[in-house]
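Chemist: Dropping a structure here in structure tokens format, bear with me for questions.
The values are calculated or read from the model by the stated rules, or taken from the named source; none is laboratory data. What you see is a predicted model; the values in this text were computed from it and never measured. Neighbour counts run over all protein chains shown; Cβ positions are idealised from the backbone, glycine included.
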Amino acid sequence: MTGKDTVWTTVSASVRGPSHVQDNLRNQDNCLVRPITAQCTFFAVADGAGSYSRAEEGSKFAVTTAYQAAEQVFKDRMPQNPSEWSVATKEFANACLHRFDDRVADFATQQLAHFPAESVQDIRESLSTTLLAVVARPPFFVYFSIGDCFLVLDRDRGGPRLAVTARDRENNGVATFLTSPERDADLQSGYLVDRRVTGLALCSDGLIDALLTVGATADGELHYQAPAEFRRYFEYFGRTAIPESQLANMLDSPTFAETSSDDKTIALAVRLPKHTQDGPYETQVR
């Protein structure tokens, strides 16, 4: 999707990873960018788990039900102050979970009619997917994340920063999905307040090694970071005439392909200049 609303210039693309190309499998990622109101935009990226048979459907359910949750919470009554944003953030997180669960339950009922040997739990597990969703109503940015998709914000006079990433990417190699029993413990939900945000990029984990670096922070531990060079993606793809196909070609290039065999998805948005303001930065996390 390439487009321009009243606040953002947006472009998104999703390509199959080398392993799926080699095995002639479909892309199991999904992304969605849609307006909620004239000043509020929804963004989502979901990464269907490659080892599960219905992961593509699962990632599609994740982004579409998250959009429904965003409409439910934000469309008719936009929060007016930090207290209301805090309440709305919690409502959005709960709505994302409940709407996804309801969609999966409906799907399982339909599938059991055709595959009676499967259990509801089998079908639910086959839909395993991660999800990163953002509701952007500058200067407020609400986020919801389960899994290892990541969010990079670009900031005027501040540069790119990794705002949301997986809490424990290693975790003995075990990923957490929207369908996982332990998902609530790994849920990241909160909101950011920043008047200087000029761009945002939601990315699936297939882009971690292509776009992020690893560095030591004040705690002495190694963490993923968004390098200063990330800004060039905002600068280039923020131009109004850049087609989605050009972004897809970049994701499909040998340079990106050699970093990961996974599918690769990004939803990128650059804020129109008249909407960028000076102001403080604040983070509130649920």
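Chemist: Anything in region 74-99 that is touching a strand residue (DSSP E or B) at 6+ places or on another chain (Cβ under 8 Å) and either under 22 Å from ASN27 (Cα atoms) or of a type outside the set (Gly, Ala, Ser) (or both)? List them, or say none.
Modeler: Those that are touching a strand residue (DSSP E or B) at 6+ places or on another chain (Cβ under 8 Å) and either under 22 Å from ASN27 (Cα atoms) or of a type outside the set (Gly, Ala, Ser) (or both): PHE74, LYS75, MET78, PRO79, PRO82, TRP85, THR89, LYS90, PHE92, CYS96.
Chemist: Sticking with this structure for a sec: Suppose we keep only residues that are of a type in the set (D, E, K, R), at pLDDT 95 or above and surrounded by fewer than 16 Cβ atoms within 10 Å (Cβ to Cβ) within region 92-121. Which one would you say is farthest from THR37 (Cα to Cα)?
Modeler: ASP106
Chemist: Quick one: what pairs do we get from region 242-259, first residue closer than 20 Å to TRP8 by Cβ and among the β-branched types (Val, Ile, Thr), second surrounded by fewer than 17 Cβ atoms within 10 Å (Cβ to Cβ) and at pLDDT below 95, C-beta under 9 Å, 6+ apart or different chains?
Modeler: The qualifying pairs are ILE242/TYR236.
Chemist: Scan region 37-44 and give yes if some residue there is surrounded by 22 or more Cβ atoms within 10 Å (Cβ to Cβ), among the small types (Gly, Ala, Ser) and not in a helix (DSSP H, G or I), otherwise no.
Modeler: yes
Chemist: In the set THR41, THR89, THR64, which member is touching a Pro at 6+ places or on another chain (Cβ under 6 Å), under 27 Å from LEU127 (Cα atoms) and of a type outside the set (Gly, Ala, Ser)?
Modeler: The unique qualifying residue is THR41.
Chemist: Could you please find all residues in region 148-176 being over 23 Å from TYR236 (Cα atoms), at pLDDT 85 or above and either basic (Lys, Arg) or out of contact with any helix residue (DSSP H, G or I) (no Cβ under 6 Å at 6 or more places or on another chain) (or both)?
Modeler: Of everything in region 148-176, just one residue is over 23 Å from TYR236 (Cα atoms), at pLDDT 85 or above and either basic (Lys, Arg) or out of contact with any helix residue (DSSP H, G or I) (no Cβ under 6 Å at 6 or more places or on another chain) (or both), namely THR165.
Chemist: Any idea how many residues of region 185-223 are under 17 Å from the mean Cα position of the chain (by Cα) and acidic (Asp, Glu)?
Modeler: Residues in region 185-223 being under 17 Å from the mean Cα position of the chain (by Cα) and acidic (Asp, Glu): 3 in total.
Chemist: Among SER14, SER53, SER19, which is of a type in the set (Ser, Thr, Tyr), more than 15 Å from PHE141 (Cα to Cα), in contact (Cβ under 8 Å) with a residue 24 or more places away in the chain and assigned to a helix (DSSP H, G or I)?
Modeler: Just one listed residue meets the conditions, SER19.
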